[in-house]
Amino acid sequence: MLKVGLTGSIAVGKTFVLGVLSELGCHVIDADVVARQVALPGSPGLKAVIDAFGEEVLKSDGSLNRARLGEIVFADEAKRQQLNSILHPFIIAAQDAQLRELELQDPKGIVVVDAALMIESGGYKRFDKLIVVHCRPEIQLQRLMRRNKLSREEAEQRIATQMPQEEKKRYADYLIDTSGDFAETRRQTEDVYHALREASASLQNRER
């Protein structure tokens, strides 16, 4: 099975690209979904977060208050790194379990794992290929302000906590620029999908 990492900075359009790859026939694993799963009420992941940050990060129903946790960690780099170090092992373990299951089901398939901090964490090294999604900085800023209802200053602060887009692009096997409209992004994603199909075929031939 061809294992592909999909990454890019916050609010650059990774979710749309992942959706197109899924439509085209790739298996997809969204790290945001996995991150929610490993921090569900009663989970070891949530217990570890509460031990580190206190019960102020919980909602009244006992679930994780992600907005409150975000306010805490995006205002303090050390706390942001602490949160990542707590949750990352749980997320990687859950992803690896999903990857093993998919490989048993469809050994000739393509699986794409979407994660924002894949390069920063070193997790990208687990994959055969890496796609980096990017867009023009002003577009990224506007998307983040609109999506998360943030002020310009708050959005700039969140973007500044991540590796610069230009640096991420240097790790890529494939680049997808989402600065244009949906149709243009879809066209680029389809081109990358065809390249992944070729890479998958080459991998199968080497394993025979």
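All of the numbers you see were taken from the coordinates with simple rules; none came from a lab. Because the structure is predicted, anything quoted here is derived from the model rather than measured. Glycine gets a Cβ as well: all are built from the backbone with ideal geometry, and neighbour counts include every protein chain shown.
Quick one: what are the phi-derived ³J(HN,Hα) couplings along the range 24-37, Karplus 6.51/-1.76/1.60 with θ = phi - 60°, whole Hz, x for glycine and proline?
Listing the rounded values in order: 6, x, 6, 6, 10, 10, 9, 4, 5, 5, 4, 4, 5, 5 Hz.
Can you find, among TYR124, VAL28, GLN204, the residue sitting farthest towards the positive end of the charge dipole of the chain, where Lys and Arg contribute +1 and Asp and Glu -1 at Cβ?
Sorting the options by dipole projection puts first GLN204.
Using the Karplus equation 6.51 cos²θ - 1.76 cosθ + 1.60 (θ = phi - 60°), what ³J(HN,Hα) coupling, rounded to whole Hz, does each residue of the range 66-82 give in order, writing x for Gly and Pro?
Values per residue, Gly and Pro as x: 5, 5, 5, 4, x, 4, 5, 7, 6, 8, 8, 4, 4, 5, 5, 5, 4 Hz.
Answer with a single label: of (i) 62, 47, 32; (ii) 47, 42, 34; (iii) 53, 39, 26, which was calculated as Cα extents along the principal axes in Å from the structure in view?
Matching entry in (i) 62, 47, 32; (ii) 47, 42, 34; (iii) 53, 39, 26: (iii).
Taking H as built 1.01 Å from N, whose amide H comes closer than 5 Å to the amide H of ILE29, not counting residues under 5 places away?
VAL112, VAL113, ASP114
Given the pairs LYS14/LYS169; LYS79/LYS168; LYS3/LYS79; LYS108/LYS129; LYS108/LYS169; LYS14/LYS168, which are separated by over 20 angstrom at their Cα positions?
Numbers: LYS14/LYS169 14 Å; LYS79/LYS168 23 Å; LYS3/LYS79 31 Å; LYS108/LYS129 15 Å; LYS108/LYS169 28 Å; LYS14/LYS168 14 Å.
Listed pairs above 20 Å: LYS79/LYS168; LYS3/LYS79; LYS108/LYS169.
When a footprinting reagent is the concern and you count Cβ atoms within 10 Å, what order do HIS88, HIS194 take, fewest first?
Taking fewest neighbouring Cβ atoms as first place, the list is HIS194, HIS88.
With only Lys, Arg, Asp and Glu charged, each at its Cβ (+1 for the first two, -1 for the last two), find how big the charge dipole of the chain is about the Cα centre; round to the nearest 20 debye.
Charge dipole, the chain, about its Cα centre: 120 debye, nearest 20.
If you stretched the chain out fully between GLN157 and GLN81, how much longer would it get, using 0.36 nm times the residue separation minus the C-alpha to C-alpha distance?
On the way: separation 76, 0.36 × 76 = 27.36 nm, distance 1.52 nm.
That works out to 25.8 nm of additional length.
Expressed as a whole number of Å, what is the distance separating the alpha-carbon centroids of the range 158-181 and the range 3-25?
12 Å
Along the range 14-19, what does the Karplus equation 6.51 cos²θ - 1.76 cosθ + 1.60 (θ = phi - 60°) give for ³J(HN,Hα), rounded to whole Hz, x for Gly and Pro?
Working through the residues one at a time gives 4, 5, 5, 4, 4, x Hz.
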